[in-house]
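Accompanying notes for the structure given below.
The values are calculated or read from the model by the stated rules, or taken from the named source; none is laboratory data. Keep in mind it's a predicted model, so treat the numbers as computed, not measured. Note: ideal-geometry Cβ built from the backbone for every residue, glycine included; neighbour counts use all protein chains shown.
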Amino acid sequence: MGTVFENIGFNIADEDGAFRLADFVLNSGSILPVENGAYACWSDKSGAEIWERVKLNHEKKDVELLNIDPHFNGSTVWKLEFSKEFLAERDDMLDCKAMLKETDSDKFICARVMGSQAIAGFAPGAEYEFQVSLIPHSIGFFENEIEMRKALHDDTTALGAIVPVGMYARMLAGENEDAMQTDILMTRIAAEIVTGDVRFMIADKTPVGEFLHLALDTHMGQLDISVSQNHYETKMLPRLCEGGMVAVVNGIISAKLIKRERANTND
């Protein structure tokens, strides 16, 4: 079984591989120091990005790995208001999971915000431009909407809708947090593919990683996703890149700050 890092071209198969990747990011990435620790971010021209969070241990004079996440640095940029932060017992101190909403509509996403503690004044009520992408945990492809509904026995899902389905969807409904500790931030999207292309990570002019970039047509605009080769058959690639097929995705949305648009009214 692979990991979500395969969606940006890294063949990481186990926990040891993830720790080796974390060491690489910490030594090769850009460091963003914050009060309680630091972020390390490694980027590639393919759009592959890795964000790592570490805690500073002053007594031992070393760092403790808190978490490491894949991200895709694509062209999707949405102007969204930081509406609400979600907290859970297992969240680390540098993590931020939040509801980000369109200011004048009821459309919103639940997303992991990359590097939130390095953003001065980042708090609910402010509006930002976020670069948004989706990292899939599972994905299915269908020739068209009719085939998707027939295969999944689904007559109700609106094509293009972004639907939170994990812990934070239930928190929004007012359910008890204590019963949700094993759940995660998960979003479901059924959407038409606009276009696609294969991306390569290059080292010394040699491809070292490969993944598929797709653009989906959602109700909030075009959304970039990055997809492991393990999620599709090679013979499907020309059709996926051509566009017009339908993807049904369960995954994590990550959002990276591009620009602050409107200050918090309490600033």
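Among the residues of the stretch 229-249, what is the count of those that are in a loop (DSSP other than H, G, I, E, B), at pLDDT 95 or above and of a type outside the set (A, V, I, L, M)?
2
Filter the stretch 222-242 for residues that are over 29 Å from Met114 (Cα atoms) and either touching a residue at least 60 places away in the same chain (Cβ under 8 Å) or not acidic (Asp, Glu) (or both) and give the result.
Thr234, Lys235, Met236, Leu237, Pro238, Arg239
Out of the residues in the stretch 66-76 meeting the condition of being buried (at least 16 other Cβ atoms within 10 Å of the Cβ) and not small (Gly, Ala, Ser), tell me which one is farthest from Ile258 (Cα to Cα).
In this case the residue turns out to be Leu66.
Aromatic (Phe, Trp, Tyr) and farther than 30 Å from Lys205 by Cα: which single residue out of Phe130, Phe19, Phe24 fits that description?
Every option except Phe130 fails the conditions.
Any residue in the stretch 24-53 that's among the polar types (S, T, N, Q): show its pairings with residues that are part of a loop (DSSP other than H, G, I, E, B) and at pLDDT below 95 at Cβ separation under 9 Å, as long as the two are six or more apart or on different chains.
Asn36/Met93; Asn36/Leu94; Ser43/Gly29; Ser46/Gly9
Given the criteria touching a strand residue (DSSP E or B) at 6+ places or on another chain (Cβ under 7 Å) and at pLDDT 95 or above, does Ile252 qualify?
For Ile252, the condition - touching a strand residue (DSSP E or B) at 6+ places or on another chain (Cβ under 7 Å) and at pLDDT 95 or above - is not met.
Give the residues of the stretch 32-53 that are assigned to a loop (DSSP other than H, G, I, E, B) and farther than 28 Å from Asn11 by Cα, sorted by residue number.
Within the stretch 32-53, Glu35, Asn36 qualify.
Would you mind telling me which numbered condition in (1) surrounded by 18 or more Cβ atoms within 10 Å (Cβ to Cβ); (2) touching a helix residue (DSSP H, G or I) at 6+ places or on another chain (Cβ under 9 Å) Ala255 fails?
That leaves (2) as the condition not met.
Those residues that are among the small types (Gly, Ala, Ser) and within 16 Å of Val25 (Cα to Cα), I need them from the stretch 47-101; list them, please.
Once the filter is applied, which keeps residues that are among the small types (Gly, Ala, Ser) and within 16 Å of Val25 (Cα to Cα), the stretch 47-101 yields Gly47, Ala48.
Do the conditions hold for Asp154, that is, is it out of contact with any Leu (no Cβ under 8 Å at 6 or more places or on another chain), farther than 26 Å from Val77 by Cβ and among the acidic types (Asp, Glu)?
Yes.
Taking the options Leu26, Leu56, Leu21, name whichever one is part of a strand (DSSP E or B) and either more than 21 Å from Asn7 (Cβ to Cβ) or of a type in the set (A, V, I, L, M, F, W, C) (or both).
Leu56 is the lone residue from the list that is part of a strand (DSSP E or B) and either more than 21 Å from Asn7 (Cβ to Cβ) or of a type in the set (A, V, I, L, M, F, W, C) (or both).
Going residue by residue through the stretch 202-211, is there one that turns out to be at pLDDT 95 or above and within 17 Å of the chain's Cα centre (by Cα)?
Within the stretch 202-211 (the criterion being at pLDDT 95 or above and within 17 Å of the chain's Cα centre (by Cα)), the answer is yes, since at least one residue qualifies.
Give all pairs with beta carbons closer than 9 Å in which a residue from the stretch 66-95 that is free of Cβ contacts under 8 Å to residues at least 12 places away in the same chain meets a residue that is among the acidic types (Asp, Glu); count only pairs at least 6 apart in sequence or on separate chains.
Qualifying pairs under 9 Å: Leu87/Glu177.
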